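Undergrad: What follows is a structure written as structure tokens; I'll ask about it next.
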Amino acid sequence: MKFIKSVFAEMKAVTWPTARQTRRDTFTVIMTSIIFAIYFAAVDWVINIIFQAFLY
């Protein structure tokens, strides 16, 4: 029971982000994911071309 009370007390002390902050952070995560996906796709494409030139 003490644990539950301490959880509720801790949750009241939490500073929750605003909707604007949440949207900004979500946008940042999505854009970073897209940038990394493009980067890794480009690197994979270049490595594939190199392997095809020397191995096939």
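The values are calculated or read from the model by the stated rules, or taken from the named source; none is laboratory data. Remember, predicted model here, so these are calculated numbers, not experimental data. Heads up, the Cβs are rebuilt from the backbone with ideal geometry, glycines too, and the neighbour counts pull from every protein chain shown. All accessible areas refer to the heavy atoms of the entire protein, side chains included, with ligands and DNA or RNA removed. Shrake-Rupley method; radii C 1.70, N 1.55, O 1.52, S 1.80 Å.
Undergrad: With the requirement that a residue be outside any helix (DSSP H, G or I) and β-branched (Val, Ile, Thr), what does segment 3-56 give you?
TA: Val14, Thr15, Thr18
Undergrad: Shifting gears a bit: Would you mind stating whether Asp44 is acidic (Asp, Glu), open to solvent by 80 Å² or more (accessible area, probe 1.4 Å) and at pLDDT 95 or above?
TA: Considered against the rule, which asks whether it is acidic (Asp, Glu), open to solvent by 80 Å² or more (accessible area, probe 1.4 Å) and at pLDDT 95 or above, Asp44 comes out as yes.
Undergrad: Considering only segment 1-23, state which residues are of a type in the set (Ser, Thr, Tyr) and surrounded by 10 or more Cβ atoms within 10 Å (Cβ to Cβ). Please lay out each step first, then the result.
TA: Initially, segment 1-23 is screened for residues of a type in the set (Ser, Thr, Tyr), giving 6, 15, 18, 22.
Across segment 1-23, the qualifying residues are Ser6, Thr22.
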